[in-house]
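The structure appears right after this line, and notes come after that.
Bear in mind these aren't lab numbers, they're just calculated from the coordinates by the rules spelled out. All figures in this text were calculated on a predicted structure; none of them were measured in a lab. Ideal geometry is used to build each Cβ from the backbone, glycine not excepted, and the neighbour counts take in all protein chains shown.
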Amino acid sequence: MCGRYALIRTTADLERDYEAQGADLGEWQPRGSVNITAHAPVLLEQADEHGELERALVRGRWRFVPQREEDFRPAPLINARLDKLQRWSGWRESYIGQRCGVPMSGYFEFIERLVEGRKVKQPYFISDPSGEPLLAAGLYSEATDPKSGFAGLGFTIITTDGVDAAGEIHDRMPVFLPADVIDDWLALGEWDTSTRREWKEALGSMSAPIAARLKAHPTSRALNNTRTVDVHNLSLVEPVDLD
């Protein structure tokens, strides 16, 4: 799964990264940790005031809420398994026509280890050592959360089997979108059954070249406490010496 990620990019950086014409991110600031249910930038396609299609960066909440009330789950739906995109109606409705990209500088996974005789969770940061930003495939919905009352855009990150460095840390990893498929993934319009099936098969392999570039390193355990961690502390992604 992906339960925490970092986005060390300003709004201007993101507009350049993804050639986004519109940005409505509020007072976004780079974060060393984007926590579950936090608000963060999402890349999607939308019509501008003149009806022209454009890539836009919008503010979304990292908690997907299905459009059908009967599909609601009390636990935050932060990840969507690739193999279940068409098997559960909560994902399927958005997979048909509400696809997005989730920009990140890298993401965190946790490994249990012994420190002075007690078990602790050790975070690892998984990223491209070159600093190249990553774009994870995502789904979004605009619905009201019956638990918190939040109404607006919520998103989830699609995950697949972990491979290479990512797979050594966890058996799941985000699906990452290569630059040459972003336009097609974001395109407005509903996909038919055949198109959805083709994309589902392609998504499973298109991350491979990106995953091959990723490296993992241990980071500060300050990340473990979501109540006290300073999410704007960019040093959270820096490597630490476990010894």
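Structure summary
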quantity: Residues in the stretch 212-228 that a label on residue 111 would reach, taking backbone N under 15 Å of a point 7 Å out along Cα→Cβ; calculated: 215-221
quantity: Residue (of 105, 220, 210) at the positive-pole extreme of the chain, dipole from beta-carbon charges; calculated: 220
quantity: Residue-wise HN-Hα coupling along the stretch 182-193, computed from phi with Karplus coefficients 6.51, -1.76, 1.60 (Hz; x: Gly, Pro); calculated: 4, 4, 5, 5, 7, 3, 5, x, 8, 7, 7, 4
quantity: Residues listed by number, the stretch 186-205, amide nitrogen under 19 Å from residue 68 label point at 7 Å toward C-beta; calculated: 190-194, 196-197
quantity: Rounded to whole Hz, the Karplus (6.51, -1.76, 1.60) HN-Hα couplings of the stretch 103-112, x for glycine and proline; calculated: x, 8, 8, x, 9, 10, 10, 10, 10, 7
quantity: Overall form of the stretch 165-228 per C-alpha gyration tensor (a/c, 1.5; a/b vs b/c); calculated: prolate
quantity: Check: the chain dipole with +1 on Lys, Arg Cβ and -1 on Asp, Glu Cβ, in debye; calculated: 1160 debye
quantity: Full-extension gain in nm, residue 53 to residue 38, via 0.36 nm per residue minus C-alpha separation; calculated: 2.7 nm
quantity: Amide H partners (placed H, <5 Å) of residue 60, local residues excluded; calculated: 40, 42
quantity: Amide H within-cut-off set for residue 100, under 5 Å, with H built and near neighbours excluded; calculated: 138, 139, 140
quantity: Cross-link reach list, lysines versus residue 119, counting only Cα pairs under 27 Å and skipping chain neighbours closer than eight places; calculated: 215
quantity: In Hz, Karplus ³J(HN,Hα) per residue of the stretch 7-15 (6.51, -1.76, 1.60; θ = phi - 60°; x = Gly, Pro); calculated: 9, 9, 9, 7, 4, 4, 4, 5, 4
quantity: Gyration tensor verdict on the stretch 1-62 (Cα atoms; rounded if a/c is under 1.5, prolate if a/b is larger than b/c, oblate otherwise); calculated: prolate
quantity: Amide H contacts under 5 Å for residue 79, placed H, 5+ residues apart; calculated: 157
quantity: Inter-centroid distance (Cα atoms) of the stretch 187-204 relative to the stretch 108-179, Å; calculated: 22 Å
quantity: Net lengthening on full extension, residue 224/residue 144 (0.36 nm per residue, minus Cα-Cα); calculated: 25.9 nm
quantity: Diffusion coefficient, µm² s⁻¹, Stokes-Einstein with Kirkwood Rh over alpha-carbon pairs of the chain at 37 °C and 0.692 mPa s; calculated: 179 µm²/s
quantity: Loop-resident sites, the stretch 137-227, for GluC sites (Glu not before Pro), counting at most 15 other Cβ within 10 Å (DSSP); calculated: 190
